[in-house]
Amino acid sequence: MSHTAVSAASLASKARVAPKFTRAGARGCAHSRSSAVKVTAAKGDVLLEVKDLTAKVAETGEEILTGVTLTIKEGETHAIMGKNGSGKSTFTKVLVGHPSYEVTGGTATFRGQDLFAMEPEERARTGLFLSFQSPIEVPGVSNTDFLRMMCNERRKSRGEPELDPLEFYGFLTPKLEQLNMDPSFLARNVNEGFSGGEKKRNEILQLAVMESEMSILDEIDSGLDVDALRDVAAAVNVLKEGDKGLLLITHYQRLLDAIHPDFVHVMQKGKIVQTGDVSIAAKLEEGGFEALTAK
Ligand code: ADP
Ligand code: MG
């Protein structure tokens with residue numbers, strides 16, 4: 001189970017359902033940060049700093065990450081591109097503490113705190129939030145109830161009062177407007193019968209509700225048609241507001257055209273082999289990964 005799995009699973013068990021896939025959703029929804037986290041960060045402070053990170057598959061011992069180095073500051077959007085199997089998803093999962101992987105070397109800090117010294121749930125509490133490639137369906141639980149449970153779990157852990165349905169609606173409504181989502185969305189069961197684009201926008205709504213300090217979106221653009229992609233890209237841009245950090249994993253330039261990342265990294269065989277601006281994505285589109293890395 002992933003770190004977020006812990007909270008999502010406990011929520012799901014309360015709701016007497018089992019999620020098909022666990023996610024990193026259960027984190028705080030208020031503005032204040034964990035007491036363990038620096039609250040006086042100025043703009044431009046480092047959010048995530050990863051150095052020479054190596055990791056293997058726990059079960060097989062196969063080394064997947066071979067030395068990832070990456071720094072993300074407040075307000076920055078980074079994209080990682082790379083062939084299938086280059087280690088992009090593994091990187092995101094190692095950061096949030098997925099138990100399938102074992103860190104074998106290197107360091108990772110979030111707001112200066114050692115990520116690997118923290119339990120997966122604590123990582124979420126500090127504000128690092130991963131959106132999975134395959135969003136869960138939770139039959140029998142309405143979207144509003146699910147979002148409010150996640151939000152209130154987080155508030156409880158911080159000693160804050162829970163929001164009742166009315167208060168939560170007041171909290172949620174402006175977010176729906178920002179994301180251009182129909183309120184009828186909320187009454188539906190979590191992800192049940194959602195189109196691809198609706199699922200992805202629902203993921204983004206969850207990130208917005210949790211007010212994640214840094215969101216990692218793994219292929220949020222996969223399987224979307226052009227219209228859905230436009231909606232999702234607009235929603236992702238909402239997550240960039242303020243000093244939020246964003247890490248996007250994508251195969252395609254089309255998402256990046258709409259989101260304008262500050263940095264684009266190319267991952268190959270478990271490490272970042274090139275970093276540049278968005279023009280890297282255009283080169284990839286023309287010549288493939290070989291065009292970039294054959295130098
Ligand atoms: P990407 O997201 O870039 O497509 P992944 O991180 O999913 O790549 O996978 C990188 C490599 O690690 C692949 O060869 C994949 O098969 C392997 N891998 C990832 N997770 C596991 C796992 N839990 N067990 C075995 N192999 C894995
Ligand atoms: Mg992947």
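Derivation of every value follows stated rules applied to the coordinates shown; laboratory data play no part. Because the structure is a prediction, the values reported are computed rather than measured. Glycine gets a Cβ as well: all are built from the backbone with ideal geometry, and neighbour counts include every protein chain shown.
Quick notes on this one:
- Total formal charge among the other residues, if their Cβ is under 12 angstrom from that of G196, Lys/Arg +1 and Asp/Glu -1: -4
- Stretchable slack from E290 to N180, in nm (0.36 nm times residue separation minus alpha-carbon distance): 35.7 nm
- Here region 86-135 is treated as a sphere whose radius is the Kirkwood value from Cα pairs; by Stokes-Einstein at 25 °C and 0.890 mPa s it diffuses with a coefficient of 214 µm²/s.
- Neighbour counting of Cβ atoms within 10 Å sorts the residues R158, R201, fewest neighbours leading, into R158, R201.
- Sorted fewest first by neighbouring Cβ atoms within 10 angstrom, F168, F116, F194, F146 come out as F116, F194, F168, F146.
- For region 219-248, the residues whose amide N sits under 19 Å from a probe point set 7 Å from the Cα of N84 along the beta carbon direction are 219-225.
- Residue order, fewest to most surrounding Cβ atoms within 10 angstrom, among S212, S222, S89: S222, S89, S212
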